[in-house]
Every structure is written in structure tokens, then in C-alpha cells.
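S.K.: Attaching a single structure in C-alpha cells format; questions to follow.
The values are calculated or read from the model by the stated rules, or taken from the named source; none is laboratory data. Note that this is a predicted model, so its numbers are computed, not measured. Cβ sites come from the backbone with ideal geometry, for glycine too, and all protein chains shown count toward neighbours.
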Ligand SMILES: Nc1ncnc2c1ncn2[C@@H]1O[C@H](COP(=O)(O)OP(=O)(O)OP(=O)(O)O)[C@@H](O)[C@H]1O
Ligand SMILES: [Mg+2]
């Protein structure tokens with residue numbers, strides 16, 4: 001096993017206006033530190049990919065961004081959104097999560113009908129007009145490229161859908177709430193190539209309206225869809241730059257080894 | 001002795017043990033059913049008990065048992081639900097929570113006479129409720145709370161965490177996520193828990209002898225005003241339950257056909273508990289199917 | 001974009017919902033906690049009143065052999081010796097557990113290891129049903145079938161420790177069996193195949209590997225059974241004879257703590273010595289139940305440490 005130096009990093013500062021930025025973010029699970037001083041800027045209406053080996057802290061980082069780690073970990077540092085540090089106690093987390101939505105690695109539709117999966121959160125927010133609800137259901141299913149497959153069975157249980165369909169339903173469920181930023185944690189890892197391609201197409205179409213941050217193990221996927229890519233290693237963010245630059249001219253030895261498959 | 005012989009001997013012993021136990025089981029259930037079923041008649045189920053003459057029924061006791069059960073569940077379920085939700089969803093992992101869990105364990109292992117005694121002191125005497133259904137239901141609540149709380153907590157814990165994350169990540173409050181997403185999924189488990197605890201409450205007697213009392217005054221089954229003294233719904237009247245009745249006719253020994261009455265009442269008790277058990281299983285399965293696979297055609 | 005900033009800082013409907021939910025569930029939880037504290041407090045203060053208010057010495061209560069709270073004894077104090085009840089309670093509990101354990105373990109092995117199909121499908125639901133049979137029903141059967149049988153076989157009244165033990169044996173058998181089966185089922189399957197692959201006979205595998213692995217669970221099951229037996233009131237009360245006398249043989253009428261409580265409560269008035277000593281009996285029951293509880297915890301912790 002080679003030893004690498006972690007104090008050497010190459011983190012770019014995108015010139016585009018940031019939608020979200022972290023400053024020296026650190027995460028502790030009990031005594032164990034899982035993330036070290038992570039500072040990244042995510043440009044607006046771009047796709048950013050987070051890559052790195054298993055256990056390198058990608059999910060940990062991602063889950064901080066909409067405060068999903070509140071109950072499991074201690075998160076230090078700042079997360080800037082609309083000039084506000086949202087990593088503070090007094091911040092309204094529900095508001096944060098409405099703006100910064102998350103799709104998980106394993107599809108997790110509610111045990112309700114397809115329609116209700118999407119309408120549920122809208123109803124909770126006070127939208128009860130049937131026509132409006134129906135319209136939101138339709139547009140978000142279309143945006144997630146699922147409409148054609150399910151339009152005749154909206155009242156069936158979402159659990160009867162295939163894994164890929166369930167995952168796109170979960171994306172649609174987020175989109176229906178019109179968030180600002182979409183966080184995706186390996187959304188395609190449990191899916192076959194066809195479903196994966198569909199989800200990639202969906203994301204590519206969404207990039208014009210949303211800021212997307214996606215964790216992926218699949219480097220081809222990252223290079224296909226992402227504008228920017230960050231490389232995580234053992235809780236450190238070692239390299240962050242435009243995707244093409246990162247994959248063709250990595251500045252750091254670890255990144256290079258990881259990308260070329262000579263890792264470890 | 002060779003290994004083979006030991007093996008055969010041990011297996012034989014286990015079979016013998018099982019044989020004895022099966023004989024006991026069959027003997028028990030057979031005894032109750034064979035002596036009890038012939039005593040069950042429409043008359044037995046629908047007429048009042050008599051103390052000094054033969055031929056009394058169990059109408060009032062049966063009703064009291066059911067009414068008491070209902071009242072107990074109505075009182076204990078909301079608290080058990082709140083407590084179960086707290087333990088499963090909100091409780092931080094610290095010593096206070098540990099203490100609370102221990103307290104619930106202690107409560108569930110408390111002998112029911114002690115609970116009855118406490119109920120007698122507090123509800124019957126201090127709160128001046130007298131021997132009454134309400135006092136009985138409160139005592140049974142003590143007895144029921146820990147079982148129910150635990151089964152609710154377990155049912156909630158069985159719901160995958162992904163479902164909670166799904167709700168919370170959409171900006172829903174934890175509370176809405178719990179009530180609208182987690183609880184519906186946990187419902188079959190919770191219902192099973194309720195029914196099983198109902199079986200225990202239904203057969204309980206020791207906690208009731210000195211709380212709901214040992215007498216079954218005649219009540220008017222047509223009087224729906226639960227404030228009126230002779231209404232069957234009046235929670236302030238004493239109410240001997242089926243289980244207490246079995247105990248009483250046997251220990252007092254003044255009813256001539258005590259054995260027949262007890263056997264009949266025991267059979268009724270067991271049949272109802274059997275229905276609870278089977279019902280819990282059936283309902284659990286049906287609801288589970290309904291919630292997961294559902295109408296996928 | 002000022003509005004967004006404001007929104008992020010303001011409480012919303014969701015914040016209030018969560019505040020509400022957390023408060024209400026915490027309220028229920030603390031209520032349950034307070035109930036337990038209340039019970040413990042009342043039983044303790046009442047139970048200790050015998051010693052603090054009535055100045056009975058702990059020694060004469062725990063070791064005295066005559067129980068007659070309304071009478072003044074030779075030493076100038078009321079006769080409140082609880083020893084006969086303590087002895088009888090312990091005796092029936094231990095004997096019932098001793099008798100039930102081999103049967104319970106045998107049946108549990110049968111259900112989980114030897115004939116999981118046939119045994120599991122038939123015996124399992126039956127055992128679960130038996131766990132749920134009310135204790136008065138056991139008491140009634142004991143009274144109407146077992147007592148006459150004992151009288152017929154051994155003479156005397158038919159009431160006593162032996163009858164009580166047998167009734168409790170049948171009562172705790174399903175409890176111990178079903179808990180022991182659970183712990184046997186939790187033994188990983190690899191253990192079985194590993195042992196059999198080494199050429200062990202089935203009994204060697206069961207005895208040396210499976211039973212050993214499940215031992216903490218089985219012990220816990222037995223303790224649960226004992227706790228149930230010790231706290232059981234009516235079933236025992238119906239067959240024990242209810243005379244507060246030292247048990248002189250297998251079939252002499254005697255009394256347990258619970259049976260004395262059951263018969264005594266209605267005949268005393270609150271605040272008087274005869275009532276206070278009953279609370280002291282309840283206190284013994286409470287202490288024993290706490291003892292069984294901590295035993296279970298202790299075994300659980302030991303079992304976890306070894307893994
Ligand atoms: N809930 C938790 N409690 C304790 N430690 C955790 C927890 N979640 C993650 N960790 C630890 O934090 C480190 C980073 O985990 P994380 O899940 O962020 O990795 P990852 O990069 O997402 O890996 P993968 O690609 O496998 O999903 C790991 O060492 C993991 O063991
Ligand atoms: Mg991950």
C-alpha cells in the first residue's frame with residue numbers, strides 16, 4: 001500500500017455564481033472524524049459529481065448539505081446558502097430541506113399510490129386544489145421521465161414499480177416541491193444500465209433549472225454528466241475542478257491513481 | 001457408552017419430554033373444552049349469575065369483561081402510543097432514556113396482585129372511586145401500558161429508516177413523517193400488539209378483585225345514559241368480570257354448580273382469547289399484504 | 001432574495017408541528033415513568049410503615065413463624081412473622097422452575113432442532129395459546145382436578161406445596177418453552193453445520209454447541225418463568241390451602257405471599273397494622289421482582305460481552 005500526502009490539495013474556485021458553498025466542514029461520528037475541513041463551492045445550475053472510494057465520506061458530506069446528519073453526527077463548519085450559514089441551530093431545517101432536496105441510494109417511495117407519493121408533501125404544504133395537484137403530479141413525472149410509463153396507473157401502489165421506476169419516482173417527488181438544489185446519493189447504483197441511462201438523461205435535462213450535486217461510484221457516469229467533480233479520499237477532499245480537467249489532467253497523485261484504477 | 005448410544009438415549013429422552021408435555025397440553029385443553037362446552041348454552045350466556053342456586057349464567061360478567069377491556073384500551077392506548085413514539089423516534093440515547101426503559105421493564109414484571117393492591121389504595125380509596133369499572137380499568141392500564149408500549153415501539157422500529165429519511169428530506173416535520181408515513185406502515189404490528197395485550201387484559205383477575213370488585217349488580221341494558229346509576233355503561237358501578245367470577249365461585253364455595261359454571265366460563269374465556277390470537281395473526285397478515293404488494297395487476 | 005433569508009431564520013408550520021409532537025410524546029413517556037415511580041414509592045412507604053410506624057423489627061417480620069397480626073405475641077409485639085409465606089413462595093417457585101426447565105428445554109429443542117416442521121407447526125401455536133391462558137383457569141383446573149387427585153393419591157386435604165408446584169409448573173412451562181425456543185432459534189446455522197462437519201452426533205452438536213450458545217437466553221427464560229411463578233396470585237391461592245403455617249410436608253395447607261395478599265386485603269382497614277404488614281408482603285414481592293429483573297439484565301450484559 002502506497003502512502004499519500006493529504007496536505008496537498010487542488011481545489012478550484014468556480015467563477016460562476018455559487019448556489020451553495022461549504023467552509024471547513026467537519027463531521028464527527030462520536031469520536032471518529034469522517035470529514036476533514038471540506039470547503040467547496042457549487043456553481044448554480046451545474047451538475048457537480050462527488051467521487052471517491054467507499055467510505056471516503058461522500059455520503060457524509062452530501063447529507064450535511066441539507067442537515068440530514070443532524071441526529072447522527074456532529075457537524076462543524078459553515079454551509080452557505082443565500083448568504084446564510086444554514087449549519088446553525090436556529091436555522092429552520094424544514095425550510096432548508098424544502099430548498100435542498102435529497103434522493104437516496106436505495107429507492108424509498110412511500111407505501112402509498114404513485115399519485116399520492118408526489119401529492120403527499122404538497123398537501124402537507126397546504127396545496128389542496130385537485131386540479132393543481134394533478135398538474136404538479138404530471139409535470140414532475142414528466143420531468144423525471146416517468147410519466148409515459150405510469151400515466152395509466154397513478155393510483156397503484158408505488159411499491160409495485162421496478163427499482164428504476166421507483167428511483168425516478170423519488171426524483172419526481174423532489175421535483176414536485178420545486179427545490180433549488182437536488183442532492184443525489186448514488187441514485188443509479190442499484191439499477192440496471194437502461195434505468196441508469198434514463199436517470200442520467202433525466203438529470204441532464206434538469207441541469208438547466210436545478211443545481212445538482214451527485215455522488216457516484218461510476219467514473220464514466222461522472223464524466224458523462226458532471227460539469228465539476230470533487231474527489232474524496234479518507235474524509236479529505238483532495239481535488240476539485242472541472243470534470244474534464246480532473247479526468248484528463250489530475251494534479252494530485254491519489255486522484256490520478258484512483259481514476260486510472262491503480263488505487264491502493 | 002458409545003456416542004451413538006448417548007445420541008439415541010438423548011433423543012429418546014427429548015421425545016419422552018415432548019410426549020409428556022403434549023399429554024399435559026391435550027389434557028388441559030381437553031379438560032376445559034370437554035367439561036366446559038356442554039355447559040355453554042344460550043341460557044348460560046344470557047342470564048344473570050345466581051349466588052346460592054344452580055343454573056346461573058354469566059351475562060353480566062361477560063359484558064363487564066368486554067366493557068372493561070374496551071375502557072382499558074381506550075385509556076392506555078393513547079399513552080402507550082405516545083410513549084412508544086417517544087422511545088422509538090425522539091428519545092436521545094442517554095441515561096434518562098435508559099432509566100425510562102428500565103422503568104417500563106419493571107412495570108411489566110410487577111406481579112399483578114401488587115398492581116391490584118396499588119389500584120385499591122389509590123383509585124378505590126384515595127380517589128374515592130369505590131369498587132368500579134373505572135378503578136379496574138385504571139389498574140389494568142398499569143398492567144397494560146408496558147406491554148403495549150413495547151409492542152408499539154417494536155412495530156415502529158421495524159419500519160425502515162429510509163422511509164423516515166424520505167419524509168424528512170422533503171421538508172416535512174418529524175412529527176408529520178411519523179404520523180403520516182411511519183405509523184401507517186407500523187399499523188399491522190401495532191394492531192397485533194393491541195390484540196395480544198387485549199388477551200392478557202381479558203383474563204386478568206388478580207388486579208381486579210379489589211378494584212372493579214366482586215359483585216355484578218343488575219344493570220339495565222337499555223339505558224344508554226352512562227351517567228345514570230343502573231346504566232350498563234356507567235363506569236362508576238362495581239363490575240365483576242368473567243375471570244374474577246371464576247375465582248369467586250370457586251373460592252367462596254356457596255354456589256352449588258360452581259364447577260359447571262367455572263368450566264363453562266373458562267371455556268368461554270379461552271375461546272375468546274383464541275379468537276383474539278387467531279384474529280391478531282390473520283389481521284396482521286392481511287394488513288401487511290394490503291400495505292406492501294397490494295393490487296398490482 | 002431577502003425573503004429566503006428570512007424564511008430560513010423563521011419558525012414555520014413544520015417547526016410548530018415538531019414542537020407539538022415532541023412535547024406530547026415526551027409527556028406520555030414521562031407519565032409512564034411517573035407511574036412507575038408512584039407505584040414504587042407507594043409500595044415502599046406503605047410497606048416500610050410496618051417498621052417505622054408500628055416499630056416491628058425487621059427480624060421478627062422476616063424470621064417470625066406465626067402470623068396473626070391482630071394478636072399480641074409473647075414478646076409484646078403483634079405476631080407478624082412472614083417466614084412461612086416467604087418459604088412457601090420460594091419453595092413453589094424454585095420447585096416449579098426446576099421441574100419445568102428440563103421439559104421446556106426438551107420441547108424447545110424438539111420444536112427448533114429435531115422436528116422444526118412437524119413440531120414447529122403444531123406445537124408452537126399451542127404453546128403460544130397456553131401462554132395466554134388466564135391464571136384463574138389454571139387455578140380452577142388445579143382446584144377441580146388436581147386437588148381431588150392429590151387427595152386420592154396421598155390422602156390429606158390435597159392442598160399444599162405439591163399441588164401449588166404442579167399448577168405453577170404447568171403455568172410457567174409455556175413461558176419458558178417459548179422464550180427458550182426463541183433463543184435456540186437465534187443460534188446461527190453455521191454452528192450446526194460446523195459441528196456436524198466435525199463428525200459430531202446430533203446430540204453432541206445440540207449439547208456442546210447449540211445449547212451452550214443459547215445458554216444465556218435459556219437462563220433468562222427460566223428467570224422469567226420464576227418471576228411469573230413468584231408473582232402469580234390466584235392460581236396458587238386456589239390450591240395452596242391458605243393457612244399461614246410453615247409447610248410441614250408436601251400436602252399440608254400453607255400460604256404464599258401472593259395468596260395471603262389476595263385473601264387479606266379485603267379484611268383490613270387502611271393505616272392499621274394488619275393492613276401495613278400486607279403492604280410489607282407486597283414490598284417483598286416488589287423487591288423480588290426487581291431482583292429477577294436485574295438478574296435478567298446481568299445475564300444479558302454477560303451474554304453480550306462474550307460475543
Ligand atoms: N451513521 C454512522 N455512524 C458512524 N460512522 C459512520 C456512519 N455513517 C458513516 N460512517 C463512517 O464514516 C465514514 C464515511 O462514510 P460515508 O458513508 O460517508 O462513505 P461514502 O463515501 O459514502 O462510502 P460509500 O461509497 O460506500 O457510500 C466511513 O468510515 C463510515 O464508517
Ligand atoms: Mg455513501
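S.K.: Quick check on region C:30-43. Is at least one of its residues in contact with a helix residue (DSSP H, G or I) (Cβ under 9 Å, 6 or more places away or on another chain) and within 30 Å of residue A:97 (Cβ to Cβ)?
M.R.: yes
S.K.: If I ask for residues that are away from ligand 2 (no atom under 16 Å from the Cβ) and more than 17 Å from the chain's Cα centre (by Cα), which ones from region A:33-46 would you list?
M.R.: If the condition is that a residue be away from ligand 2 (no atom under 16 Å from the Cβ) and more than 17 Å from the chain's Cα centre (by Cα), then A:33, A:36, A:37 are the ones that fit.
Residue by residue, here is whether (1) under 20 Å from residue A:174 (Cβ atoms); (2) more than 16 Å from ligand 1 (Cβ to nearest atom); (3) touching a strand residue (DSSP E or B) at 6+ places or on another chain (Cβ under 7 Å) holds:
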site: A:14; (1), (2), (3): no, yes, yes
site: A:27; (1), (2), (3): no, no, yes
site: A:38; (1), (2), (3): no, no, yes
site: A:57; (1), (2), (3): no, no, yes
site: A:71; (1), (2), (3): no, no, no
site: A:88; (1), (2), (3): no, yes, no
site: A:99; (1), (2), (3): yes, yes, yes
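S.K.: Here is a further query. Against the condition modelled with pLDDT under 90, buried (at least 16 other Cβ atoms within 10 Å of the Cβ), at the interface with another protein chain (Cβ under 8 Å from one of its Cβ atoms) and within 30 Å of residue B:171 (Cβ to Cβ), how does residue C:8 come out, does it pass?
M.R.: Considered against the rule, which asks whether it is modelled with pLDDT under 90, buried (at least 16 other Cβ atoms within 10 Å of the Cβ), at the interface with another protein chain (Cβ under 8 Å from one of its Cβ atoms) and within 30 Å of residue B:171 (Cβ to Cβ), residue C:8 comes out as yes.
S.K.: Please specify each residue of region A:178-218 satisfying the condition of being under 19 Å from residue A:230 (Cβ atoms), within 16 Å of ligand 1 (Cβ to nearest atom) and surrounded by fewer than 18 Cβ atoms within 10 Å (Cβ to Cβ).
M.R.: Within region A:178-218, A:189, A:217, A:218 meet the criteria.
S.K.: Still on this structure: Among the helices (runs of 4 or more DSSP H) lying completely within region C:1-65, list those that include at least 2 residues that are closer than 22 Å to residue A:89 by Cα.
M.R.: C:2-9, C:13-52
S.K.: Taking residue C:253, is it farther than 28 Å from residue B:203 by Cα and either crowded, with 16+ Cβ neighbours inside 10 Å or modelled with pLDDT of 85 or more (or both)?
M.R.: no
S.K.: Quick one: which of C:256, C:262 is within 11 Å of chain B (Cβ to nearest Cβ), in contact with a helix residue (DSSP H, G or I) (Cβ under 8 Å, 6 or more places away or on another chain) and farther than 30 Å from residue C:108 by Cβ?
M.R.: Residue meeting the stated conditions: C:262.
S.K.: Given the criterion touching a helix residue (DSSP H, G or I) at 6+ places or on another chain (Cβ under 9 Å), modelled with pLDDT of 90 or more, within 21 Å of residue C:34 (Cβ to Cβ) and more than 12 Å from chain C (Cβ to nearest Cβ), identify the matching residue among B:138, B:129, B:134, B:145.
M.R.: Residue meeting the stated conditions: B:134.
S.K.: While we're looking at this one, here's another question. Within region C:223-246, take every residue that is crowded, with 22+ Cβ neighbours inside 10 Å and outside any helix (DSSP H, G or I) and give me the one that is farthest from the other protein chains (Cβ to nearest Cβ).
M.R.: Of everything passing the filter in region C:223-246, C:244 is farthest from the other protein chains (Cβ to nearest Cβ).
S.K.: Quick check on region A:49-80: of everything there that is more than 16 Å from ligand 2 (Cβ to nearest atom), out of contact with any helix residue (DSSP H, G or I) (no Cβ under 6 Å at 6 or more places or on another chain) and at pLDDT 90 or above, which residue is farthest from residue A:244 (Cα to Cα)?
M.R.: A:74
S.K.: Would a scan of region B:157-167 turn up a residue that is outside any loop (DSSP other than H, G, I, E, B) and over 29 Å from residue A:101 (Cα atoms)?
M.R.: No: zero hits.
S.K.: So if I check each of C:164, C:158, which one is part of a helix (DSSP H, G or I), buried (at least 17 other Cβ atoms within 10 Å of the Cβ) and touching a residue at least 60 places away in the same chain (Cβ under 8 Å)?
M.R.: C:164
S.K.: For region B:245-252, check the following and say yes or no: at least one residue is more than 10 Å from chain C (Cβ to nearest Cβ) and in a loop (DSSP other than H, G, I, E, B).
M.R.: no
S.K.: Does region B:266-284 contain any residue that is at pLDDT below 85, more than 30 Å from residue B:184 (Cα to Cα), crowded, with 18+ Cβ neighbours inside 10 Å and in contact with a helix residue (DSSP H, G or I) (Cβ under 6 Å, 6 or more places away or on another chain)?
M.R.: No, every residue in region B:266-284 fails to be at pLDDT below 85, more than 30 Å from residue B:184 (Cα to Cα), crowded, with 18+ Cβ neighbours inside 10 Å and in contact with a helix residue (DSSP H, G or I) (Cβ under 6 Å, 6 or more places away or on another chain).
S.K.: Can you go through A:167, A:125, A:156 and tell me which one is in contact with a strand residue (DSSP E or B) (Cβ under 8 Å, 6 or more places away or on another chain), surrounded by fewer than 21 Cβ atoms within 10 Å (Cβ to Cβ) and within 13 Å of chain B (Cβ to nearest Cβ)?
M.R.: A:156
S.K.: Can residue B:183 be described as more than 9 Å from every other protein chain (Cβ to nearest Cβ), in a helix (DSSP H, G or I) and surrounded by fewer than 23 Cβ atoms within 10 Å (Cβ to Cβ)?
M.R.: For residue B:183, the condition - more than 9 Å from every other protein chain (Cβ to nearest Cβ), in a helix (DSSP H, G or I) and surrounded by fewer than 23 Cβ atoms within 10 Å (Cβ to Cβ) - is met.
S.K.: Can you list the helices (runs of 4 or more DSSP H) lying wholly within region A:126-215 that have 3 or more residues being touching a residue at least 24 places away in the same chain (Cβ under 8 Å)?
M.R.: In region A:126-215, the matching helices (runs of 4 or more DSSP H) lie at A:130-143, A:163-175, A:193-206.
S.K.: Picking from A:113, A:140, which residue would you name as being away from ligand 1 (no atom under 16 Å from the Cβ) and in contact with a strand residue (DSSP E or B) (Cβ under 7 Å, 6 or more places away or on another chain)?
M.R.: Residue meeting the stated conditions: A:113.
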